[in-house]
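Quick notes on the structure that follows.
The values are calculated or read from the model by the stated rules, or taken from the named source; none is laboratory data. As the structure is a computational prediction, the values presented were derived from the model and not from experiment. Please note: Cβ atoms are built from the backbone with ideal geometry, for glycine as well, and neighbour counts cover all protein chains shown.
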Amino acid sequence: MRVLLPVVASTATALALAALALLWAVGQSDTISMERQQRITERSIREVLGELAKQQEMVAVWNETVQQLNKTPLDEKWLDANIGGWLHITFGQDYTYILNTRNEPVDVTIDGARAKLNEYEKVRSSLQGLIQGLRGDSRSPHQGHSERPINGQDLTSGRAVHDAHLLELLGRPAAVSIMKIVPENNELRQEPGSEFLLVSVRFLDGNFLKILSQQNLIDGLRFSKANETSDSEVGVPLTSDEGALIGYFIWKPELPGTTILRVIGPSIAVVCILIIGVMALLSRSLRRSMAKLRKAIAELRASEAQAHHLAFHDALTGLPNRTLFDDRLDQTLSRIDHGQQLAVLMLDLDRFKHVNDTLGHQAGDCVVREFGSRLSALLRSSDSVARLGGDEFAVVLADIADRSDVEKICERILDTVRKPFEISGRQAFVGVSIGVALAPEAGSERIDLMRKADIALYQAKTEGRDAYRIFTAAMDENVKARSSIEEDLRAALLTGNDLRLFYQPQVDVDGQSIIGLEALVRWHHPTRGMIAPNQFIPIAEETGLISPLGEWVLRQACIASKRWPDLTIAVNLSPVQFRSGNLAQRLIGIVSEVGADPRRIEFEITESLLLDDSELSRSALKMLRQEGFKIALDDFGTGYSSLSYLRRFEVDKIKIDRSFVQHLGQQDEAVAIVKAIVTLCHAMGLTVTAEGVETEDQKLFLTETGCSEMQGFLFSRALPEDQIGDLLNNLGDRLSVQPAPQLRSIPGRVKAKIVA
């Protein structure tokens, strides 16, 4: 006992001293961290003044701005696109005002939208002193602050005259910068004192705090008029440049010392227990045995709980998975009383593949997690949400009063998804398509309701995406009709009896000489009659029938080309066909089998294929060009046209889409676009064809602009193959206003196209 007591006392003293040293170190670490965050916050707030001035300088020191402001009346669209709206979109400036020489507003932009000029009256008194100082008024307390550097950094042009301050504006903390609008050089003269003023306001609460918090990892950053902090928060006072207290920035500071103590505390406790246990071996042995037993039991329970959770929840989002969703939906359906309703929502993210392709799959996972969180936050506790897989989600809305409740929730979901997703300093934008099935209106069985919600989801996607659709019986009929068309199209491809090719002429630039024919596929159904291509082509692409259909069109076009050996056949290829790795080999084989000349075959592709920019597409087109085939780009200007695509894929011809041709003479934009496309084609040595020519005025304009070829109803509609001979002989006589000579026969092109 005499030996044990000193040992115990010494051990206890050593442990106490170690604990005190650890607590002192924790306190010092927390203090240093808090001071660092305070400095960062104060510096960031002051730096916003310099940023505002630099942003202003881009539009205020500019000859064109001076010229525009001296116009009468003002060009409001120009001001919005280049000053107020542009500063808001590009830099997040909240309010911008443009003042004339009498310090009266001529343009006001609030949160990116143009506002009434009298909105300036709300801030006039707060800004009057700054404006007078910038104007050189001796009565202003701010006189002499103009043309000063911001935070020790001069503005880049050397011509900017400005004043910037922190102050309280409209009851909110704000950074305000006022700059004279002056020419960028001496080429434009401006009388002193005649300058307009640009006033920019950036509020230091709201979105500014969110960005500041994210950039500097400051947790819970907020602004308060009073220093209302909890025990775990700190506050930094914000004063105006005149020394008046505006409010406080408050946040929960990062406390690394406390965090470390929380992590290593249990380990230290274990060490202390072991040291004390050395003095009592039997007691230590017993305690260790009991601790191991309790730990094993806890781990077993945790393992069982985790396994149960993983069995019914999605690992990425933590939301219920399909199994748990099915169970909850069944339970909800079983509890529906008479007169009650529920809704099943099937959701699918739009443009999600683009996020994965451009930002990577990790970014896609972040979008899925964030979307799951946003979706959960919108719903009530009685509702259920689940991730079914990929970017597919499902929701059960219980106790719905009527359809309007469902529509409101769908609108809220659409609104929250349209907000950008922040991913590692970058923004991703997606949409969502929603299909809704109401119970008991659409049924009372889970499988049937989910099937109908899927049908409504498909309807939302086909009608433009980023929308919701509620299931109706007509949608079900459409699905059945599409299924029937698919079956009948398979049968038609086996026999080929109901499919025919019609031809529409392409004429030379003079509009008199036929140089080619475009072949269009027609399907005359034995019971439904003529089915439009825009009805069965999308079905063929979705079901995989587009490949045999396209090959059938190519084979028939090659056979027809042997009747006109001097002509070239151009066959339209669907982007879906390029998903096959051996497309080029199959096409080359068909042309060789029929005995057609590859140099007389021209394949048309769409801009969506160029956008995909896959190795399969590029290698297939390269192989076809090496075999002598020509490549044409159809419907140019309606998709994602890019010079880089044209250089990368090396097309031979560009076809101007009919939508531009039809608006010639009606819209100046159409004229400018057509001229630009023709100029581009000439510069790149490409043939240019105009589609949809229907009037003599359109023909005359296209001829003068320099189009190489034309086609449209002005010359002829699509005709069966047996009428092409008469067309070649008579079209010139039909089109000539004045008597025309016999139509000359020249080498040209025949186009075979899958769609109308």
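Before moving on, here are some points about what is shown:
- Residue that is modelled with the lowest pLDDT [pool: residues in the range 691-709 that are over 23 Å from Val553 (Cβ atoms) and not in a helix (DSSP H, G or I)]: Ser708
- Residue match in the range 659-670 (condition: of a type in the set (S, T, N, Q) and farther than 29 Å from Val521 by Cβ): yes
- Residue-level analysis places Leu493 outside the set of residues that are outside any strand (DSSP E or B), crowded, with 18+ Cβ neighbours inside 10 Å and of a type outside the set (Asp, Glu).
- Only one of Ala557, Ala596 that is crowded, with 20+ Cβ neighbours inside 10 Å and assigned to a loop (DSSP other than H, G, I, E, B): Ala596
- Boolean, Asp365 is out of contact with any strand residue (DSSP E or B) (no Cβ under 7 Å at 6 or more places or on another chain) and more than 30 Å from Lys210 (Cα to Cα): no
- Restricting attention to the range 448-478, the residues that are among the aliphatic types (A, V, I, L, M), in contact (Cβ under 8 Å) with a residue 40 or more places away in the chain and over 9 Å from Ser433 (Cβ atoms) add up to 5.
- Subset of the range 58-100 (residues that are surrounded by fewer than 21 Cβ atoms within 10 Å (Cβ to Cβ) and small (Gly, Ala, Ser)): Ala81, Gly85, Gly92
- The lone exception for Leu245 - which of (1) surrounded by fewer than 12 Cβ atoms within 10 Å (Cβ to Cβ); (2) under 30 Å from Leu134 (Cβ atoms) it fails: (1)
- Criterion violated by Ile336 - all others in (1) modelled with pLDDT under 85; (2) outside any helix (DSSP H, G or I); (3) outside the structural domain of Asp405 (by TED's automatic domain parsing) satisfied: (3)
- Cβ-Cβ contacts under 6 Å between residues 6 or more apart (or on different chains), taken from a first residue in the range 96-122 that is more than 16 Å from Trp78 (Cα to Cα) to a second residue that is modelled with pLDDT under 95 and assigned to a loop (DSSP other than H, G, I, E, B), are listed as Thr101/Ser194.
- Of all the residues in the range 218-241, those that are assigned to a loop (DSSP other than H, G, I, E, B), touching a Gly at 6+ places or on another chain (Cβ under 9 Å) and closer than 18 Å to Phe203 by Cα number 2.
- Count of the range 688-717 residues which are surrounded by fewer than 18 Cβ atoms within 10 Å (Cβ to Cβ) and closer than 30 Å to Leu499 by Cβ: 4
Let's see how each residue does on (1) at pLDDT 90 or above; (2) assigned by TED's automatic domain parsing to the domain that holds Arg374; (3) in contact with a helix residue (DSSP H, G or I) (Cβ under 6 Å, 6 or more places away or on another chain):
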{"residue": "Asp402", "(1), (2), (3)": "no, yes, no"}
{"residue": "Arg412", "(1), (2), (3)": "yes, yes, yes"}
{"residue": "Gly425", "(1), (2), (3)": "no, yes, no"}
{"residue": "Ile434", "(1), (2), (3)": "yes, yes, yes"}
{"residue": "Glu441", "(1), (2), (3)": "no, yes, no"}
{"residue": "Met450", "(1), (2), (3)": "yes, yes, no"}
{"residue": "Ala467", "(1), (2), (3)": "yes, yes, yes"}
{"residue": "Leu494", "(1), (2), (3)": "no, no, no"}
{"residue": "Ser513", "(1), (2), (3)": "no, no, no"}
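- Qualifying residue in the range 357-375 (condition: within 30 Å of Gly443 (Cα to Cα), touching a residue at least 60 places away in the same chain (Cβ under 8 Å) and within 34 Å of the chain's Cα centre (by Cα)): yes
- Residues that are free of Cβ contacts under 8 Å to residues at least 12 places away in the same chain and either under 26 Å from Gly171 (Cβ atoms) or touching a Ser or Thr at 6+ places or on another chain (Cβ under 6 Å) (or both) within the range 238-261 comprise Gly243, Leu245, listed in sequence order.
- Screening the range 600-630 for residues that are touching an Asp or Glu at 6+ places or on another chain (Cβ under 9 Å) and assigned to a helix (DSSP H, G or I) and picking the one that is surrounded by the fewest Cβ atoms within 10 Å (Cβ to Cβ) gives Lys622.
- Positions within the range 433-447 being touching an Asp or Glu at 6+ places or on another chain (Cβ under 7 Å) and either of a type in the set (Ser, Thr, Tyr) or in a strand (DSSP E or B) (or both), in sequence order: Ser433, Gly435
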